[in-house]
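J.: A single structure is presented below for examination.
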Amino acid sequence: APRQPYVVNGQTYQLDEWSNTPPSILSKVNRNIHRLPSHPISILRQIVEDHFSSHTALSPSTPIVSVHQNFDELGFPPDHPGRSLTDSYYLNKEYMLRTHTSAHEVESYRRGLDKWLLSADVYRRDEIDSSHYPVFHQMEGTSVWSLDQLHTLPELNKELAAQLEKCPIQIEDNTKISPSNPYQAHHDPIHAEQITQNLKHSLNSLIFRLFGKQATKDGEPLRVRWIEAYFPFTTPSYEVEVWWEGEWLELLGCGVVMQKTLDQAGVPDKAGWAFGLGLERLSMVLFSIPDIRLFWTQDPRFHTQFSAGKISTFKPYSRYPPCYKDMSFWLPQGAISDTAGKGSGSVAGGGGVSAAGGKGRVFHENDYCEIVREVAGDLVETVTLIDEFTHPKTSRQSKCYRLNYRHMDRSLSNEEVNELQQKVQDRVVEEMGIEMR
Ligand code: PHE
């Protein structure tokens with residue numbers, strides 16, 4: 001745990017029992033890779049902004065938001081797993097690093113904006129592998145209308161549908177309105193349906209813009225799939241997937257904005273939709289970028305490959321060799337082990353069980369990974385559980401993790417890696433009460 005109050009962009013945040021943000025994470029808050037003109041994350045942001053050309057593009061200057069903004073005002077229940085110290089980064093009990101761009105919905109509607117896109121870095125504690133990094137980027141997009149403008153929707157929807165008609169896109173949508181994914185009680189169902197139609201057409205057309213060219217090369221149409229979902233701040237809610245290289249790839253979450261959000265923003269006479277899109281996920285597939293850490297490299301061999309406005313295929317340059325070390329240990333007697341749900345990238349999906357306070361005898365993989373990150377930073381490539389067993393007599397649990405290290409810009413020496421491994425070991429013994437085998 002940190003010892004000095006946090007100072008971020010001139011603001012001081014007093015520490016309390018919630019403070020769990022390490023310096024290595026805070027060092028990312030002003031990197032702004034989503035604003036570097038020819039960075040893949042920024043190229044995609046720009047393509048989405050061009051697509052929604054009548055939307056105002058926003059980009060908040062700090063990732064620090066109140067817990068109220070990130071969770072409470074969006075209707076997250078007090079016991080939602082996303083709130084736990086194992087899943088989110090807190091400065092103190094009142095302020096945190098936003099876990100999603102939806103944290104800015106209320107304030108943006110309050111500014112009177114109806115159509116806006118907002119791009120930003122978001123922060124979540126997670127496991128370590130080639131597609132997870134504690135900082136990533138999301139884009140929030142919304143369209144809302146004054147109730148007296150909703151009559152323009154049928155015409156708009158007809159145009160959008162006609163444009164999509166002409167595209168080689170196959171939309172698989174078996175979703176239905178049901179008690180588990182209902183229209184809102186105070187919405188006229190006709191209006192709710194038109195807003196939902198507009199949401200679907202708008203996003204299908206965005207996805208075709210992003211994937212169409214590459215996905216239809218073989219003459220097959222682009223396949224897009226709509227799935228019912230749940231978010232506390234939208235209903236009905238959906239997730240959208242695209243068929244890409246033989247698998248369904250989850251792209252975004254979306255839905256009709258909960259009226260309570262608009263009420264809190266002081267615009268109760270409006271209604272509309274919102275979506276949240278993960279930019280790394282999208283960039284990795286569209287640019288063929290194999291490792292999420294590459295987005296953070298300063299290596300010119302990465303940066304010179306991309307140019308603004310263009311989706312191009314990344315050509316891997318030779319990488320320095322990896323070096324792995326295993327670490328086997330016993331959990332404290334009677335400890336419960338809690339592993340984050342693999343691939344549950346979304347706030348709403350919920351990761352592991354809440355270990356509120358973080359002080360119980362719970363071994364959470366995210367806590368282990370956090371210490372590894374603090375010691376080794378971007379030098380750690382993957383942390384993989386390779387073995388676990390329970391002692392038949394003592395019922396103590398044992399785990400073995402393989403830590404794979406690689407420097408992006410040079411070779412690592414064995415001594416260096418041993419030193420890192422030793423530091424990780426010392427810290428996990430001290431902080432997690434585990435015992436090396
Ligand atoms: N904020 C949600 C997430 O991160 C995505 C979302 C945005 C869903 C807007 C609905 C509306 O998982």
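J.: What number goes with the only condition from (1) at pLDDT below 95; (2) within 29 Å of H201 (Cα to Cα) that P22 does not pass?
T.: So the condition that P22 fails would be (2).
J.: Consider only pairs whose beta carbons are under 6 Å apart and that are at least six residues apart or on different chains; among these, list those whose first residue lies in the range 388-399 and is in the same structural domain as A335 (by TED's automatic domain parsing) and within 19 Å of D326 (Cβ to Cβ) and whose second residue is aliphatic (A, V, I, L, M) and surrounded by 15 or more Cβ atoms within 10 Å (Cβ to Cβ).
T.: Correct list of pairs: Q397/L331.
J.: Follow-up. Determine whether E73 is surrounded by fewer than 18 Cβ atoms within 10 Å (Cβ to Cβ) and in contact (Cβ under 8 Å) with a residue 40 or more places away in the chain. Steps first, please.
T.: Numbers: surrounded by fewer than 18 Cβ atoms within 10 Å (Cβ to Cβ): no; in contact (Cβ under 8 Å) with a residue 40 or more places away in the chain: yes.
When the stated conditions are applied, E73 does not pass them.
J.: Condition first: surrounded by fewer than 17 Cβ atoms within 10 Å (Cβ to Cβ), of a type in the set (D, E) and part of a loop (DSSP other than H, G, I, E, B). Can you find one or more residues in the range 163-185 that meet it?
T.: Within the range 163-185 (the criterion being surrounded by fewer than 17 Cβ atoms within 10 Å (Cβ to Cβ), of a type in the set (D, E) and part of a loop (DSSP other than H, G, I, E, B)), the answer is no, since none of the residues qualifies.
J.: Being closer than 23 Å to K28 by Cα, touching a strand residue (DSSP E or B) at 6+ places or on another chain (Cβ under 6 Å) and within 16 Å of the ligand (Cβ to nearest atom): is that true of L277 here? Write out each step before concluding.
T.: Details: closer than 23 Å to K28 by Cα: yes; touching a strand residue (DSSP E or B) at 6+ places or on another chain (Cβ under 6 Å): yes; within 16 Å of the ligand (Cβ to nearest atom): yes.
The answer is yes for L277.
J.: Being near the ligand (Cβ under 8 Å from one of its atoms) and β-branched (V, I, T) is the filter here, so list the residues in the range 249-274 that pass it.
T.: Selection gives V257 alone.
J.: Among the residues of the range 218-227, is any among the small types (G, A, S), in contact with a helix residue (DSSP H, G or I) (Cβ under 9 Å, 6 or more places away or on another chain) and away from the ligand (no atom under 16 Å from the Cβ)?
T.: Taking every residue of the range 218-227 in turn, none turns out to be among the small types (G, A, S), in contact with a helix residue (DSSP H, G or I) (Cβ under 9 Å, 6 or more places away or on another chain) and away from the ligand (no atom under 16 Å from the Cβ).
J.: All but one of (1) hydrophobic (A, V, I, L, M, F, W, C); (2) farther than 28 Å from P37 by Cβ; (3) assigned to a helix (DSSP H, G or I) hold for F76; state the number of the condition that does not hold.
T.: Result: F76 fails condition (3) only.
J.: Oh, and also: Restricting to the range 102-160, name every residue that is β-branched (V, I, T) and either surrounded by fewer than 15 Cβ atoms within 10 Å (Cβ to Cβ) or within 30 Å of E365 (Cβ to Cβ) (or both). Even if it seems obvious, please write down each step before you answer.
T.: Taking the range 102-160 as the starting set, the residues that turn out to be β-branched (V, I, T) are 106, 122, 128, 135, 142, 144, 152.
The answer is V122, I128, V135, T152.
J.: Out of (1) more than 10 Å from the ligand (Cβ to nearest atom); (2) within 24 Å of the chain's Cα centre (by Cα); (3) crowded, with 22+ Cβ neighbours inside 10 Å, the odd one out for E245 is which?
T.: (3)
J.: Can I ask one more? Report whether or not P37 is over 23 Å from E430 (Cα atoms) and either of a type outside the set (S, T, Y) or crowded, with 19+ Cβ neighbours inside 10 Å (or both).
T.: yes
J.: Count, please, the residues in the range 382-417 that happen to be hydroxyl-bearing (S, T, Y) and in a loop (DSSP other than H, G, I, E, B).
T.: As a first pass, look at the range 382-417 and keep what is hydroxyl-bearing (S, T, Y): 382, 384, 390, 394-395, 398, 401, 405, 411, 413.
After this cut, where a residue has to be in a loop (DSSP other than H, G, I, E, B) as well, the list is 394-395, 411, 413.
Residues in the range 382-417 being hydroxyl-bearing (S, T, Y) and in a loop (DSSP other than H, G, I, E, B): 4 in total.
J.: Does the range 395-403 contain any residue that is on the phi > 0 side of the Ramachandran plot and loosely packed, with under 14 Cβ neighbours inside 10 Å?
T.: Yes.
J.: So which of E140, E107 is under 15 Å from the mean Cα position of the chain (by Cα) and outside any loop (DSSP other than H, G, I, E, B)?
T.: Answer to the check: E140.
J.: Looking at E94, is it buried (at least 16 other Cβ atoms within 10 Å of the Cβ), modelled with pLDDT of 95 or more and of a type outside the set (V, I, T)?
T.: Considered against the rule, which asks whether it is buried (at least 16 other Cβ atoms within 10 Å of the Cβ), modelled with pLDDT of 95 or more and of a type outside the set (V, I, T), E94 comes out as no.
J.: Which one of the conditions (1) in contact with a helix residue (DSSP H, G or I) (Cβ under 6 Å, 6 or more places away or on another chain); (2) under 23 Å from E374 (Cα atoms); (3) not in a loop (DSSP other than H, G, I, E, B) does R125 fail to meet, given that it meets all the rest?
T.: With (1) in contact with a helix residue (DSSP H, G or I) (Cβ under 6 Å, 6 or more places away or on another chain); (2) under 23 Å from E374 (Cα atoms); (3) not in a loop (DSSP other than H, G, I, E, B) applied to R125, the lone miss is (3).
J.: Right, here's the next one. May I ask you to list the residues in the range 80-114 that are in the same structural domain as S143 (by TED's automatic domain parsing), within 13 Å of the ligand (Cβ to nearest atom) and of a type in the set (G, A, S)?
T.: The answer is S102, A103, S108.
J.: State all residues of the range 12-45 that are among the hydroxyl-bearing types (S, T, Y) and more than 23 Å from A308 (Cβ to Cβ); if no residue qualifies, say none.
T.: Passing the criteria: T12, Y13, S19, T21, S24, S27.
The values are calculated or read from the model by the stated rules, or taken from the named source; none is laboratory data. Everything quoted here is computed from the prediction, not taken from an experiment. Note that each Cβ is placed from the backbone with ideal geometry, even for glycine, and that neighbours are counted across all protein chains shown.
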